[in-house]
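Below is one structure; the comments refer to it alone.
Read-outs throughout are calculated quantities, based only on the coordinates presented, and are distinct from any laboratory measurement. Source: prediction; values computed, not measured. Please note: Cβ atoms are built from the backbone with ideal geometry, for glycine as well, and neighbour counts cover all protein chains shown.
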């Protein structure tokens, strides 16, 4: 397993070892013992979504005490994955990191609590799976506006397919930051 630090502290790219032969492949997607030195998180819930090309989901997070760390991977297709540091005391507050995660590159993104997260599906029928460190809590759900000028994220698209809640998300400059 290869663990890479990103320019944002605590946000990590993880690439599992893949063993291939004429039958196909095998990979260990998560091993708590191997990761516990770098990820101090216990995961309690797995989520999976299917998205068509051009679907943008996010930028989502849950407010404390229900904040979630996530371990994101793509099972089929590809996404542009984006995480924004919303930890007020962080040197990279308001900065984002983006990376293409795909079934082909098998990379995973570890996103600690205190980040907003979103992704753009780059292919039809993209299947995303992610582990969460806390259970979904509807009253703690929050979102930042995907195209907020203050966040300056180049998604490579101007008219994505959005859920209503993502169209109405808060601007970064005015949201009440609980982190």
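With respect to the numbered conditions (1) part of a loop (DSSP other than H, G, I, E, B); (2) farther than 13 Å from residue 84 by Cβ; (3) touching a residue at least 12 places away in the same chain (Cβ under 8 Å), which one is the sole condition not fulfilled by residue 174?
(3)
Which strands (runs of 3 or more DSSP E) sit wholly inside the stretch 52-108 and have at least 3 residues that are free of Cβ contacts under 8 Å to residues at least 40 places away in the same chain? Even if it seems obvious, please write down each step before you answer.
On the way: elements: 56-62, 70-76, 78-85, 96-102.
Hits in the stretch 52-108: 96-102.
Considering only the stretch 18-46, state which residues are assigned to a loop (DSSP other than H, G, I, E, B) and surrounded by 11 or more Cβ atoms within 10 Å (Cβ to Cβ).
Those that are assigned to a loop (DSSP other than H, G, I, E, B) and surrounded by 11 or more Cβ atoms within 10 Å (Cβ to Cβ): 28, 29, 30, 36, 38, 39, 40, 41, 42, 43, 44.
Kindly establish whether residue 59 is within 10 Å of the chain's Cα centre (by Cα) and under 18 Å from residue 105 (Cα atoms). Walk me through it before giving the result.
On the way: within 10 Å of the chain's Cα centre (by Cα): yes; under 18 Å from residue 105 (Cα atoms): no.
Criteria not met by residue 59.
Just the residues that are closer than 13 Å to residue 179 by Cβ, in contact with a strand residue (DSSP E or B) (Cβ under 8 Å, 6 or more places away or on another chain) and surrounded by fewer than 23 Cβ atoms within 10 Å (Cβ to Cβ), please, taken from the stretch 49-84.
Result: 62, 63, 67, 69.
Taking the stretch 134-151 as the search range and keeping residues that are over 17 Å from the mean Cα position of the chain (by Cα) and in a loop (DSSP other than H, G, I, E, B), which one is surrounded by the most Cβ atoms within 10 Å (Cβ to Cβ)? Show your work before the answer.
Looking only at the stretch 134-151, we keep the residues that are over 17 Å from the mean Cα position of the chain (by Cα), and these are 137-140, 148-150.
Filter again for in a loop (DSSP other than H, G, I, E, B), leaving 137, 148-150.
Details: 137: 13, 148: 18, 149: 10, 150: 12.
Of everything passing the filter in the stretch 134-151, 148 is surrounded by the most Cβ atoms within 10 Å (Cβ to Cβ).
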